[in-house]
Amino acid sequence: MANTYSQIYFQVVFAVKFRHNLLQKPWRDEVFKYMSGIITEKGQKAIIVNGVSDHVHLFIGLKPSISLSDLVRDVKNNSSNLINDMKLTRGKFAWQGGFGAFSYAPSAINNVYNYILNQESHHKKTLFKLEFLDLLQQFEIEYNDKYLFDWLDA
């Protein structure tokens, strides 16, 4: 789009289906690099992709050439295909339906980057469910528990 200028920063969070701990350390970083490559191939800025065994955080600089939903759909679809094609898990791997998206000002980039970078230590103290609910509350996003995620303990 000629004469269109924008850069919107989003943190996107989504979980492994049923929050199963399937993203194993030996290969997790390669999957995150693959996700970053998908974002870049789509003409977007992959600032950082990281997570733990049951969920992932994408920090993206999004341009108007693609919708956030289409980008996340492609990242989830292609990465689950990679995991399944390489047989990295027993049985079929799938991501949970949906995602959370949270926008940030450019002044927050370093803080969000470091937060995502340190997910491993963060989740030694905080459960994913509490982290996600906290993000929804911080950003004043209304939600219905029934549709939040397929929580195993719900």
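Take the stretch 45-79 and flag every residue that is in contact with a strand residue (DSSP E or B) (Cβ under 7 Å, 6 or more places away or on another chain) and either surrounded by fewer than 18 Cβ atoms within 10 Å (Cβ to Cβ) or acidic (Asp, Glu) (or both).
Across the stretch 45-79, the qualifying residues are Lys45, Asp54, Gly61, Leu68.
Taking the residues in the stretch 109-133 that are surrounded by 14 or more Cβ atoms within 10 Å (Cβ to Cβ) and of a type in the set (A, V, I, L, M, F, W, C) as candidates, determine which candidate is modelled with the lowest pLDDT.
Only one residue fits best here, namely Phe128.
Scanning for something among the basic types (Lys, Arg) and closer than 20 Å to Glu30 by Cβ, does the stretch 109-131 turn up at least one residue? Full working, then the answer.
Of all residues in the stretch 109-131, those among the basic types (Lys, Arg) come to 124-125, 129.
Right, trim to closer than 20 Å to Glu30 by Cβ and you get none.
Scanning the stretch 109-131, I find no residue that is among the basic types (Lys, Arg) and closer than 20 Å to Glu30 by Cβ, so the answer is no.
Of all residues in the stretch 108-126, which are more than 14 Å from Phe59 (Cβ to Cβ) and among the small types (Gly, Ala, Ser)?
Ser121
Output the residues belonging to the stretch 134-148 that are surrounded by fewer than 10 Cβ atoms within 10 Å (Cβ to Cβ) and over 15 Å from Gln96 (Cβ atoms).
First, the residues of the stretch 134-148 that are surrounded by fewer than 10 Cβ atoms within 10 Å (Cβ to Cβ): 138, 140, 142, 144-147.
Hits for the stretch 134-148 are Gln138, Glu140, Glu142, Asn144.
Got at least one residue in the stretch 60-67 being of a type in the set (Val, Ile, Thr) and in a strand (DSSP E or B)? Show your work before the answer.
In the first step, residues of the stretch 60-67 are kept if they are of a type in the set (Val, Ile, Thr); the result is 60, 66.
Narrowing the set further to residues that are in a strand (DSSP E or B) leaves 60.
The answer is yes; a qualifying residue exists.
Quick check on this structure: which one of Ala46, Ala15 is under 25 Å from Asp134 (Cβ atoms), touching an Asp or Glu at 6+ places or on another chain (Cβ under 8 Å) and in a strand (DSSP E or B)?
Numbers: Ala46 fails: touching an Asp or Glu at 6+ places or on another chain (Cβ under 8 Å).
Just a single option satisfies the conditions, and that option is Ala15.
When you go through (1) more than 12 Å from the chain's Cα centre (by Cα); (2) within 24 Å of Ser107 (Cβ to Cβ) one by one for Asn21, which number turns out not to apply?
Result: Asn21 passes all but (2).
Could you look through the stretch 61-108, keep only residues that are modelled with pLDDT of 95 or more and charged (D, E, K, R), and pick out the one that is nearest to Ile38 (Cα to Cα)?
Filtering first and then ranking leaves Asp74.
The values are calculated or read from the model by the stated rules, or taken from the named source; none is laboratory data. Predicted model only: the values in this text are computed from it and were never measured. FYI the Cβ positions are ideal-geometry reconstructions off the backbone, even for glycines, and counts take in every protein chain you see.
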